[in-house]
1. Nearest-5 percent of antiparallel DSSP beta bridges in the chain?
2. What is the calculated FRET efficiency for residue 100 to residue 203, with r their C-beta to C-beta distance and R₀ = 30 Å, to the nearest 0.05?
3. Let a ≥ b ≥ c be the square roots of the eigenvalues of the Cα gyration tensor of the stretch 24-198; is it rounded (a/c under 1.5), or, if not, prolate (a/b larger than b/c) or oblate?
4. Pulled fully out, how much extra length does the chain show between residue 180 and residue 127, if you take 0.36 nm times their separation in residues and subtract their Cα-Cα distance?
5. To make sure I understand, if each residue's beta carbon is the centre and we count other beta carbons within 10 Å, what order do 1, 43, 187, 197 fall in, fewest to most?
6. Would you mind ranking 93, 193 by Cβ crowding within 10 Å, fewest neighbours first?
7. Using only alpha carbon pairs under 8 Å that are at least six residues apart, calculate the relative contact order of the stretch 151-215 and give it in whole percent.
8. Rank these for me by crowding, 5, 120, going from fewest to most other beta carbons within 10 Å.
């Protein structure tokens, strides 16, 4: 059974590869990968294998999200943005066409929820960075110059790996309608969830106070007798 999109990531699998820890301020990029796998659990399990050769913070599919490394542990994701990147592996295949991605929007939504949390927590700008834009940014940029990208864009920008994930069908040529481009859909969901997370929380409606109980009527004073009414005022005063 699928977990709710906003459920915390599942644990239970720890990636074997990492490069120490980092400060919170170092996290400036969110990087999307493609796992060439069908499930998040399968990818998370693979990262426990020393022959995997890589690692990411999260593994996501349409039903689940697994965390294999803490946010502040440096993954083996996509150099040179390992120290400055939060990395997420999607359960997809590089051969997918945009139509294949559109059938799996639950996975995009699930990843987008986690991305929105990251963007708020680490103050990461919500915009997509192409290889050309990444080339203008040093490997350790100033805060506020980061953003969202993919392993493919990082490879094009710096050539430190030859990976092209999550595949051309995820990016799609420029000029395509945004509603059919998976990365545009992903970013749209990120903005939507981020807006929800930042919206002021509605104050709970206060329960109406019960009506005040009516005061009991005052007891009537006993009638004055004729003797009391005609008695001289100083008659009872002691001398």
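Every number in this text was worked out from the coordinates using simple rules, so none of it is lab data. The structure displayed is predicted, hence computed values, not measured ones. FYI the Cβ positions are ideal-geometry reconstructions off the backbone, even for glycines, and counts take in every protein chain you see.
1. So the antiparallel bridges amount to about 20 percent of the total.
2. It comes out at approximately 0.10.
3. In terms of gyration-tensor shape, rounded.
4. Gain on extension, residue 180 to residue 127, equals 17.3 nm.
5. Sorted ascending by nearby Cβ count, the order is 1, 197, 187, 43.
6. Arranged by neighbour count, lowest to highest, 93, 193 become 93, 193.
7. Relative contact order, the stretch 151-215: 17 percent.
8. 120, 5
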